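The values are calculated or read from the model by the stated rules, or taken from the named source; none is laboratory data. Quick caveat, the model's predicted, so the values are computed rather than measured. So basically every Cβ, Gly included, is an ideal-geometry build from the backbone, and we count neighbours across all protein chains shown.
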């Protein structure tokens, strides 16, 4: 059993990872800025990457840590993420942490990477800056309920009978199911041969963004999705369009769109030597994401009904 700190424990990946770690028999310290409100797996501990002193306290007694912190909602996210990674690296070294596991982003170094992907690479380096071994998993779009990139895809398909697309919808990507990301993250925790290494992770399907949306429309919404490519539609214009059609805010949409011009495909399959098993197909991942969303909405509706009835009974 390993005592492990999970940053971003209440987030999209962190919440599922924390549950999987607990089920695997590990002791989870769930780092959050709001421990009193935390109701997820593990023991809540206060920590904020913008407050270095809080990190020292959160890391006390931990043997390993998952670093799942990154921001896209602010224009200065590159500087914020760099400052946070430096602070975490220093605190981890001071606490005597044995290893850090970081979920980064795919993308070839030979490409002109977007600010988003450049920032992910910079964070990899900064986390290792004070000597703690860092294991990096690089992924493209993670398909799961409430994931920002997946939500953008789902909402575009759901809201539009047809679509005018910029050039980036023809970029290739290699999506991965949330279940597989979590499986790989848990799987690299203990093996010594995983420490200090970088792994590409992805599902078996290499698709363009257009193909991803059309597959969802056809297989899960029962209709085609015609897409007309307009090369002159700039990333800035398309980000405003995305924030209008979906509930993703403009800054996040712009930073995501900037990355969508970069091909993000697995080039190294060595993760399978450490964590064997076949990953889910894109279609299987989409099916699970939609089923999880349906279950979540049903639970939220039941809870809302119970709250209404409870308020009525107190009157």
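Before moving on, here are some points about what is shown:
- Count of region 2-26 residues which are at pLDDT 95 or above, farther than 25 Å from residue 145 by Cβ and surrounded by 16 or more Cβ atoms within 10 Å (Cβ to Cβ): 0
- Failed item, numbered, when residue 21 is tested on (1) under 25 Å from residue 252 (Cα atoms); (2) assigned to a helix (DSSP H, G or I); (3) in contact (Cβ under 8 Å) with a residue 60 or more places away in the chain: (1)
- Test for residue 78: is it touching a residue at least 40 places away in the same chain (Cβ under 8 Å), in contact with a helix residue (DSSP H, G or I) (Cβ under 6 Å, 6 or more places away or on another chain) and outside any helix (DSSP H, G or I): no
- Any hit, region 135-147, residues being touching a residue at least 24 places away in the same chain (Cβ under 8 Å), touching a strand residue (DSSP E or B) at 6+ places or on another chain (Cβ under 7 Å) and part of a helix (DSSP H, G or I): no
- Residues in region 93-105 that are outside any strand (DSSP E or B) and touching a helix residue (DSSP H, G or I) at 6+ places or on another chain (Cβ under 8 Å): 94, 95.
- Boolean, residue 119 is under 20 Å from residue 254 (Cα atoms), modelled with pLDDT under 95, touching a helix residue (DSSP H, G or I) at 6+ places or on another chain (Cβ under 6 Å) and crowded, with 22+ Cβ neighbours inside 10 Å: yes
- Check on residue 196, in contact with a helix residue (DSSP H, G or I) (Cβ under 7 Å, 6 or more places away or on another chain) and in a loop (DSSP other than H, G, I, E, B): no
- Scan region 25-58 for residues that are within 22 Å of residue 83 (Cβ to Cβ), assigned to a loop (DSSP other than H, G, I, E, B) and touching a helix residue (DSSP H, G or I) at 6+ places or on another chain (Cβ under 7 Å) and the total you get is 4.
- Within region 27-47, the residues that satisfy the criterion of being touching a strand residue (DSSP E or B) at 6+ places or on another chain (Cβ under 9 Å) and surrounded by fewer than 17 Cβ atoms within 10 Å (Cβ to Cβ) are 27, 33, 34, 35, 36, 37, 43, 46.
- Only one entry in 181, 186, 157 is modelled with pLDDT of 95 or more, part of a helix (DSSP H, G or I) and surrounded by fewer than 23 Cβ atoms within 10 Å (Cβ to Cβ), namely 186.
- Among the candidates 61, 129, residue that is in contact with a helix residue (DSSP H, G or I) (Cβ under 8 Å, 6 or more places away or on another chain), in contact (Cβ under 8 Å) with a residue 40 or more places away in the chain, more than 20 Å from residue 271 (Cβ to Cβ) and surrounded by fewer than 23 Cβ atoms within 10 Å (Cβ to Cβ): 129
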